[in-house]
Structures are given as C-alpha cells and as structure tokens.
Amino acid sequence: MAANLLKAELKRQGVTYAQLVEKLAGIGINEKEVNVANKLSRGKFSAAFMLQCLKAVGSSQLHLD
C-alpha cells in the first residue's frame with residue numbers, strides 16, 4: 001500500500017524515477033535510479049525513505065483516497 005501511495009504521489013507531481021533520484025540527491029540522499037525502481041516495484045522500503053521522497057518532491061500533503 002505504501003508503494004502505491006508513493007507512486008501515485010510521484011505521478012500527481014509528474015516526477016519520474018530519474019527526477020526523483022536527482023531531487024533526493026538535492027537533499028543529501030544518494031540513491032541510484034535502479035534501486036529506487038526496485039524499492040517501489042517490490043514495495044519494500046522504510047517509512048523514512050517514503051518521507052524523504054515526499055520531501056524531495058515538495059509534497060506537503062498525501063492523498064489517501
């Protein structure tokens with residue numbers, strides 16, 4: 001479920017995985033695009049990673065519906 005929420009937010013923001021990696025680097029989080037894609041496809045990542053992604057894309061709200 002968390003992966004679906006994060007993917008939906010990225011889509012709403014119009015952010016690709018490559019752009020997400022760049023934005024994460026901007027806040028000091030070093031990830032590779034393939035690692036981000038794997039985390040989201042498996043749905044296995046920490047809550048901290050999700051919050052970092054949301055911060056990186058400038059999301060101030062999370063749509064749960």
* Asked: Under the Karplus relation 6.51 cos²θ - 1.76 cosθ + 1.60, θ = phi - 60°, what is the ordered set of whole-Hz ³J(HN,Hα) values for segment 57-63, x standing for Gly and Pro?
  -> 8, x, 7, 9, 9, 10, 8
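For the chain, what does -39500 (n - 2.57) per DSSP helix run (n ≥ 4), summed and divided by total residues, give at 222 nm, in deg cm²/dmol to the nearest 500?
After summing the helix terms and dividing by residue count, I get -19500 deg cm²/dmol.
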* Read-out Cα extents along the principal axes in Å, derived from the coordinates shown; its label in (1) 30, 24, 20; (2) 39, 33, 19; (3) 43, 21, 13 -> (1)
* GNM flexibility winner over the chain from Lys32, Lys11, Lys55 (Cα, springs under 10 Å) -> Lys11
* **Sequence-separation-based contact order of the chain, relative, with Cα cut under 8 Å and 6+ spacing, percent** => 48
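Throughout, read-outs are computed from the coordinates displayed, never taken from laboratory work. No experiment lies behind these values; they were computed from the predicted model shown.
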